2 protein chains.
Amino acid sequence: MTSSENNKPVGVAILGLGTVGSQVLRLLGEHETDFTARIGGEVQVRGVAVSDASKPREGVDPSLIIDKPEELIDREDVDIVVEVIGGIDYPRELVLRALRAGKSVVTANKALVAAHAAELSAAADEAGVDLFYEAAVAAAVPVVGMLRRSLAGDKIVRISGIVNGTTNFVLDAMDSTGASYEDALAEATRLGYAEADPTADVEGHDAASKAAIMAALGFHSRVTFDDVHCEGITGITAADISAAKEAGQTIKLLSICERIVDEDGREAISARVHPTLVDRSHPLASVSESYNAIFVESEAAGQLMFYGNGAGGNPTASAVLGDLVGAARNKVHGGRAPGESTYADLPVADFGQVTTRRQIDMTVRDRAGVLAVISQTFSEHGISLQTVRQEAAENGARLIVVTHAAREHEIAETIDALGGDDEVLSVDSVIRLAD
Amino acid sequence: MTSSENNKPVGVAILGLGTVGSQVLRLLGEHETDFTARIGGEVQVRGVAVSDASKPREGVDPSLIIDKPEELIDREDVDIVVEVIGGIDYPRELVLRALRAGKSVVTANKALVAAHAAELSAAADEAGVDLFYEAAVAAAVPVVGMLRRSLAGDKIVRISGIVNGTTNFVLDAMDSTGASYEDALAEATRLGYAEADPTADVEGHDAASKAAIMAALGFHSRVTFDDVHCEGITGITAADISAAKEAGQTIKLLSICERIVDEDGREAISARVHPTLVDRSHPLASVSESYNAIFVESEAAGQLMFYGNGAGGNPTASAVLGDLVGAARNKVHGGRAPGESTYADLPVADFGQVTTRRQIDMTVRDRAGVLAVISQTFSEHGISLQTVRQEAAENGARLIVVTHAAREHEIAETIDALGGDDEVLSVDSVIRLAD
């Protein structure tokens with residue numbers, strides 16, 4: 001029975017009262033009449049689940065606070081559950097409990113969706129309720145809605161961009177001040193852009209969860225966090241950034257999802273996160289601080305770009321509330337948003353099958369014939385070179401090679417071979433280039 | 001009864017087989033299995049209405065062609081009507097006929113929606129069917145979906161950007177080649193960026209229709225084409241562009257929708273289209289050729305930006321097909337997208353109430369005290385000046401004044417007064433500045 005049939009308000013349970021939860025609660029209160037009008041019925045917050053109910057919380061009606069989320073979810077007058085706790089295992093239990101009880105769920109939890117989309121979607125389908133997660137990717141930049149609905153009639157070829165604000169802040173700071181990774185990260189922590197434990201951000205896990213979600217939606221296939229090849233920014237040095245700068249480039253942590261064809265001619269998906277050299281003239285180079293930017297390339301629409309603040313309480317609350325309006329409308333008027341779509345069932349390619357271009361910076365012996373020997377090593381591995389630059393260096397010569405696109409495994413084999421090459425004193429840095 | 005109840009395919013009628021219609025038909029055929037999977041049921045094109053059925057059409061099944069759109073719409077096995085004819089009066093009749101017969105409608109027709117949204121939405125509401133028009137604004141850049149759904153939980157403050165590809169192509173060409181307006185337009189026509197009769201584009205009517213649609217959606221109010229203040233680009237000269245260039249600026253035709261407070265303290269909407277001076281460092285300045293870019297500023301999400309190809313058969317077909325998937329899903333599974341939302345019912349402000357900044361370029365007498373007299377004229381009208389630049393000129397002196405933000409009617413009155421001022425030989429150009 002939909003709520004409209006008896007004019008009952010739509011009951012909402014909020015799980016979590018951190019940065020996002022408190023903004024969701026505040027905005028729901030401040031714009032109550034707007035929500036009622038847009039939904040076509042009233043929304044009432046039934047309770048807010050927190051871990052410590054004794055903590056004083058300014059501006060929050062104390063009678064709403066509860067430390068037993070299960071009890072809140074189970075209430076008969078709760079129709080929609082908003083999950084903004086974070087973590088994976090416990091939110092998974094709570095979200096499943098809600099879906100199985102016929103409650104629609106709105107979550108901002110990228111790690112949860114990237115790990116358990118199949119299980120959660122199946123539970124939502126079985127109960128005929130909505131599972132929304134616009135906030136899980138780039139906050140209010142409507143990437144999820146765009147992939148799920150707007151481009152539902154198109155064939156998406158590639159999704160790439162900056163979807164983690166913390167690492168972008170760190171790399172931007174390193175680029176603009178010349179700071180070391182450690183100093184830039186400390187500054188990001190001080191300013192609240194990085195969490196006390198920054199692992200999920202700096203190791204690329206957060207960006208990888210978002211890549212999994214985007215790839216699954218864009219390619220109508222099953223892609224989970226474990227399918228995403230993930231390299232973070234902890235290895236990026238001030239020297240890397242400064243070398244990039246000299247060459248008119250900067251380094252960005254990109255999430256890239258694309259259709260590829262592997263060596264056996266099979267269509268497959270690549271989803272990956274890694275630091276990437278980007279030309280200064282590329283629009284992604286000017287994405288500063290904690291902003292996000294996503295490029296989507298599709299067969300008919302061509303290239304689309306979306307840009308905005310991809311993190312923070314308010315932008316994330318905007319996305320959660322957009323989903324909440326959608327879920328509440330369906331509770332009031334009946335109907336349901338499209339469920340998960342994985343019909344295309346494309347396999348995720350082994351990372352070795354992915355094609356990238358690399359810049360390899362090495363120190364070589366400064367003597368005649370070196371270039372010939374090294375070129376030979378590349379060519380034996382089937383890799384052709386796009387540019388070669390040789391400079392004087394303290395010990396020997398510095399050789400900076402940019403390859404044409406080649407399979408990752410071919411490049412890895414080449415770099416192994418270069419390491420064993422007598423002429424090569426050291427391979428100092430290897431980084432991928434943006435297309 | 002939904003189609004799923006009897007497993008019947010969803011029948012589609014396409015009205016119009018121009019640039020957009022032919023791509024819609026082609027893509028539907030090429031990706032048939034994808035559409036079936038994404039919709040959860042088969043889509044079948046029942047017919048394509050054209051004005052001249054005798055014309056040979058390569059690659060189109062002749063049995064689909066019909067020159068009586070009413071007959072096609074009325075067919076029992078047509079569930080969704082795609083209107084891509086263009087024009088207003090005749091498509092209005094056809095769309096109303098379809099909606100009243102319980103058929104969902106997907107249209108790319110901005111002029112139709114901007115003129116008759118109220119009537120069409122009422123008909124869709126009454127019949128309980130969908131009326132979709134993502135393609136009406138910026139083609140596949142999902143502005144409509146974003147305003148209608150993604151930001152449904154936020155308060156939008158301002159929507160502004162470049163939404164007409166033809167005029168952007170012309171202005172971009174004038175900027176990069178120094179060409180006159182006439183020559184740049186001729187080039188745009190030759191390359192297919194401008195139609196044989198370019199009036200709707202160059203006079204700003206097309207951009208005004210889009211502004212009306214964006215303002216109505218964003219502010220949940222009734223805004224029609226007639227409410228939009230509209231100035232085109234026909235008055236922009238090579239001299240204007242060159243002066244802008246010297247000052248580190250360029251000229252763009254912007255559509256601007258914003259909440260304002262009028263002199264009586266009433267909240268209102270401003271929707272307008274006019275040429276605007278944009279600093280070269282502003283992201284809008286680098287939007288080239290026929291691309292579109294839209295900035296949306298909202299209370300919680302902050303500033304979002306969307307960019308892409310806003311015209312052409314394929315990008316428009318992508319948007320139409322996204323809508324078609326949505327409408328077909330609803331036919332198969334039941335349910336309906338949210339209808340029109342105009343509950344906020346904000347009035348559209350008189351254009352005189354709108355606040356803008358202006359650059360006024362005039363020739364004045366070259367004698368002592370001129371600046372004092374002219375400053376006096378501005379100050380008498382309550383307008384304060386942000387910058388004043390005086391240069392030597394052939395007859396007298398050139399004075400370029402940039403005002404602080406002021407109401408349009410105050411600026412108009414000031415310019416009238418300047419015209420009557422003895423010290424002012426001519427007011428050579430008056431143009432608004434972007435924020």
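The values are calculated or read from the model by the stated rules, or taken from the named source; none is laboratory data. Remember, it's a predicted structure, so these values are computed and weren't measured experimentally. We place every Cβ from the backbone using ideal geometry, glycine too, and count neighbours over all the protein chains shown. When the accessible area is computed, the model is the full protein with side chains, heavy atoms only, and any ligands, DNA or RNA have been set aside. Shrake-Rupley method; radii C 1.70, N 1.55, O 1.52, S 1.80 Å.
Tabulated data
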| quantity | calculated |
| --- | --- |
| Rounded to whole Hz, the Karplus (6.51, -1.76, 1.60) HN-Hα couplings of region B:237-246, x for glycine and proline | 9, 4, 5, 4, 5, 5, 5, 4, 4, 4 |
| Chain A, rotation onto B, residue closest to that axis via Cβ, with its distance in Å | A:Gly335, 1 |
| Average Cα contact separation per residue, region A:352-433, under 8 Å, 6 or more apart, as relative contact order % | 50 |
| Full-stretch length increase - B:Arg100, B:Glu297 - with 0.36 nm per residue and alpha-carbon distance subtracted | 67.3 nm |
| Inter-chain Cβ neighbour average for residues B:306-315, partner chain, 10 Å | 5 |
| Förster radius 41 Å - calculated FRET efficiency between A:Arg365 and A:Asp435 (Cβ-Cβ, nearest 0.05) | 0.80 |
| Heavy-atom accessible area per residue - chain A, 1.4 Å, Å² | 39 |
| DSSP bridge orientation in region B:146-309 - percent antiparallel, rounded to nearest 5 | 95 |
| Structure-based [θ]222 nm, chain B - -39500 (n - 2.57) summed over DSSP H runs of at least 4, per residue, nearest 500 | -10500 deg cm²/dmol |
| Distance in nm between pseudo-label sites at B:Thr234 and B:Leu385 (7 Å out along the Cβ direction from Cα) | 3.3 |
| Estimated Rh, the protein assembly as shown: Kirkwood, alpha-carbon pairs, angstrom | 29.3 |
| 19 Å reach of a label modelled at B:Glu58, 7 Å along Cα-to-Cβ, counting backbone N of region B:303-328 | B:313-314 |
| Listed peptides B:347-355, A:301-309, A:189-197 by packing density, highest first (mean Cβ within 10 Å) | A:301-309, B:347-355, A:189-197 |
| Shape of region B:146-309, Cα gyration tensor, a/c cut at 1.5 | prolate |
| Angle in degrees between helix A:408-419 and the longest Cα principal axis of chain A, rounded to the nearest 10 | 40 |
| Distant-in-sequence amide H partners of A:Gln386 (H built 1.01 Å from N, under 5 Å) | A:Val402, A:Thr403, A:His404 |
| Percent carbon-and-sulfur accessible area, chain B, ignoring ligands, DNA and RNA, probe 1.4 Å | 46 |
| Complex-versus-alone comparison for region B:17-36, residues with a loss of 40 Å² or more in accessible area, probe 1.4 Å | B:His31 |
| Simple label model, 7 Å out from Cα along Cβ direction - B:Asp345 to A:Thr177, nm | 5.4 |
| Cα centre as origin, Lys/Arg/Asp/Glu Cβ charges: the protein assembly as shown dipole, Debye | 880 |
| Percentage relative contact order, chain B, counting C-alpha pairs under 8 Å, at least six apart | 17 |
| Built amide H within the under 5 Å cut-off of B:Tyr291, gap 5+ | none |
| Karplus (6.51, -1.76, 1.60) ³J(HN,Hα), θ = phi - 60°, over region A:42-58, in Hz, Gly and Pro reported as x | 7, 10, 10, 7, 8, x, 10, 8, 10, 7, 10, 6, 7, 5, x, 10, 4 |
| Cβ-vector label at 7 Å, A:Ala393, separations to other copies in nm | 6.1 |
| Near-label residues of region B:352-394 by backbone N, under 20 Å of a point 7 Å along Cα→Cβ of B:Val157 | B:354-357 |
| Contact surface B-A: accessible area buried, both sides summed, square angstrom, 1.4 angstrom probe | 3500 |
| Stokes-Einstein diffusion coefficient of chain A, Kirkwood radius over Cα pairs, 10 °C, 1.306 mPa s, in µm²/s | 68 |
| Filtered trypsin sites (Lys or Arg not before Pro), region A:330-417: DSSP coil and at most 11 other beta carbons within 10 Å | A:Arg367 |
| Cβ-derived FRET efficiency at R0 22 Å, B:Arg26 paired with B:Ser51, nearest 0.05 | 0.65 |
| Partner chain coverage, peptide B:130-140 - average Cβ within 10 angstrom | 2 |
| Pairs beyond 25 Å (Cα-Cα), from B:Lys55/B:Lys103; B:Lys8/B:Lys103; A:Lys110/A:Lys252; A:Lys155/B:Lys252; A:Lys155/B:Lys55 | B:Lys55/B:Lys103; A:Lys155/B:Lys252; A:Lys155/B:Lys55 |
| Overall dimensions of region B:252-295 by Cα: Rg and Dmax, Å | 13.5, 41 |
| Net dipole in debye of chain A [+1 Lys, Arg Cβ; -1 Asp, Glu Cβ; about Cα centre; nearest 20] | 1140 |
| 10 Å Cβ neighbours from other chains, averaged over peptide B:141-149 | 5 |
| Potential lengthening between B:Lys68 and B:Glu263 on full extension [0.36 nm per residue; Cα-Cα distance subtracted] | 64.9 nm |
